[in-house]
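Let me begin by presenting the structure, written as structure tokens, before commenting on it.
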Amino acid sequence: LLHTKSGNHCAMCRRLLVDGKSNGSACLGENAHIYGEKEGAARYDATLKAEFVNSYENLIFLCSACHTKVDTEVEDFPPEKLIEMKSEHEKWVINKLEEGSNGFTFAELEVLSKHLMSMGIAPNKEPDYRLLDIEGKINKNSLKEVQAEINMGLTKVATVADYLNRNPDIHFAERITDIMAQQYKELKTRYSDNVEIFNALWDTTSGNYSDFKYRAAGLGILVYFFEECEVFEK
């Protein structure tokens, strides 16, 4: 969640820290504590509970250089400043995704669909295209933490549907549907947290690209299948 909300960029210098297209997809960032984890650590507060100290709310995603800086120059980086920095950075990420969402076209969807098709095809099944209460589905799957991202993806569902329906291969949409359903089932065996599954699926539909235009297009694809019941519980 921290990495996703940070757009995989350092919240301070905004350097890209997780690039899926690099060899090994190494994470070059660090989960930095706002209030220190242990006595003697920067900004340590003995009155805070351990659950909070190691939670998303008390972490900020930084590159190693910025992490060292905020933990060394403590007086210049009090908790309030880091909390504000994190908040402003996450707003920047949402704005960049919105720009990407407004800018992506069928060209980006073509690249990502080819990536998905290269993953293989699950056995055909009858899709379940019942209309759902999106708010209810978000609540049932404990995805409130990524509701802003889901809402953004919903604005592009019609574009994704149009792209799938225009493909000359009459089985194209069905095969993509099967792939997404299979990917979801596989991730369910690896993760118990639905936010982690959402993020992993988003990486898949984005082709592991870090460019915000591809991330926005991938979000549109993911939310299309979220709405159509092929991923997450009904």
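The values are calculated or read from the model by the stated rules, or taken from the named source; none is laboratory data. Note that the coordinates shown come from a computational prediction; the quantities given were computed from them, not determined experimentally. Here the Cβ positions follow ideal geometry from the backbone for every residue, glycine too, while neighbour counts run over all protein chains shown. SASA here: full protein model, heavy atoms, side chains in, ligands and nucleic acids out. Shrake-Rupley method; radii C 1.70, N 1.55, O 1.52, S 1.80 Å.
Just to be sure before I move on: is residue 24 part of a loop (DSSP other than H, G, I, E, B), at pLDDT below 95 and either among the acidic types (Asp, Glu) or out of contact with any Lys or Arg (no Cβ under 9 Å at 6 or more places or on another chain) (or both) in the structure I sent?
no
Which of the residues spanning segment 204-213 are open to solvent by 10 Å² or more (accessible area, probe 1.4 Å) and in contact with a helix residue (DSSP H, G or I) (Cβ under 8 Å, 6 or more places away or on another chain)?
The answer is 204, 208, 209, 211, 212, 213.
Return yes when residue 195 is touching a residue at least 40 places away in the same chain (Cβ under 8 Å), open to solvent by less than 60 Å² (accessible area, probe 1.4 Å), touching a Phe, Trp or Tyr at 6+ places or on another chain (Cβ under 8 Å) and more than 14 Å from residue 112 (Cβ to Cβ) and no when it is not.
no
What are the residues in segment 113-133 that are among the aliphatic types (A, V, I, L, M) and at pLDDT 85 or above, if any?
Of everything in segment 113-133, those that are among the aliphatic types (A, V, I, L, M) and at pLDDT 85 or above turn out to be 116, 117.
Suppose we filter segment 77-92 for residues that are open to solvent by less than 90 Å² (accessible area, probe 1.4 Å) and more than 20 Å from the chain's Cα centre (by Cα); how many remain?
Within segment 77-92, residues that are open to solvent by less than 90 Å² (accessible area, probe 1.4 Å) and more than 20 Å from the chain's Cα centre (by Cα) number 5.
Please find, within segment 50-99, the residue that is farthest from residue 39 (Cα to Cα) out of those that are touching a residue at least 12 places away in the same chain (Cβ under 8 Å), of a type in the set (D, E, K, R) and touching a Lys or Arg at 6+ places or on another chain (Cβ under 9 Å).
So, considering only residues that are touching a residue at least 12 places away in the same chain (Cβ under 8 Å), of a type in the set (D, E, K, R) and touching a Lys or Arg at 6+ places or on another chain (Cβ under 9 Å), the one farthest from residue 39 (Cα to Cα) is 99.
What is the number of the single condition among (1) buried (at least 18 other Cβ atoms within 10 Å of the Cβ); (2) in contact with a strand residue (DSSP E or B) (Cβ under 9 Å, 6 or more places away or on another chain) that residue 108 does not meet?
If we test residue 108 against (1) buried (at least 18 other Cβ atoms within 10 Å of the Cβ); (2) in contact with a strand residue (DSSP E or B) (Cβ under 9 Å, 6 or more places away or on another chain), just (2) comes out false.
Mind checking which residues of segment 157-171 are open to solvent by less than 70 Å² (accessible area, probe 1.4 Å), free of Cβ contacts under 8 Å to residues at least 12 places away in the same chain and part of a helix (DSSP H, G or I)?
Correct list: 162 only.
Could you list, in sequence order, the residues of segment 223-234 that are part of a helix (DSSP H, G or I) and either in contact with a Cys (Cβ under 7 Å, 6 or more places away or on another chain) or open to solvent by 40 Å² or more (accessible area, probe 1.4 Å) (or both)? Walk me through how you get there before you give the answer.
To start, the set of residues in segment 223-234 that are part of a helix (DSSP H, G or I) comprises 223-227.
The one that is part of a helix (DSSP H, G or I) and either in contact with a Cys (Cβ under 7 Å, 6 or more places away or on another chain) or open to solvent by 40 Å² or more (accessible area, probe 1.4 Å) (or both): 227.
Has segment 77-87 got any residue that is in a helix (DSSP H, G or I), over 27 Å from residue 149 (Cβ atoms) and touching a strand residue (DSSP E or B) at 6+ places or on another chain (Cβ under 9 Å)?
For segment 77-87, residues in a helix (DSSP H, G or I), over 27 Å from residue 149 (Cβ atoms) and touching a strand residue (DSSP E or B) at 6+ places or on another chain (Cβ under 9 Å): absent.
State all residues of segment 54-70 that are outside any loop (DSSP other than H, G, I, E, B), open to solvent by 60 Å² or more (accessible area, probe 1.4 Å) and not small (Gly, Ala, Ser); if no residue qualifies, say none.
Result: 57, 68, 69.
The rows are residues; the columns are (1) assigned to a helix (DSSP H, G or I); (2) open to solvent by less than 30 Å² (accessible area, probe 1.4 Å).
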| residue | (1), (2) |
| --- | --- |
| 138 | yes, yes |
| 145 | yes, no |
| 178 | yes, yes |
| 182 | yes, no |
| 191 | no, no |
| 201 | yes, yes |
| 215 | yes, yes |
| 221 | yes, yes |
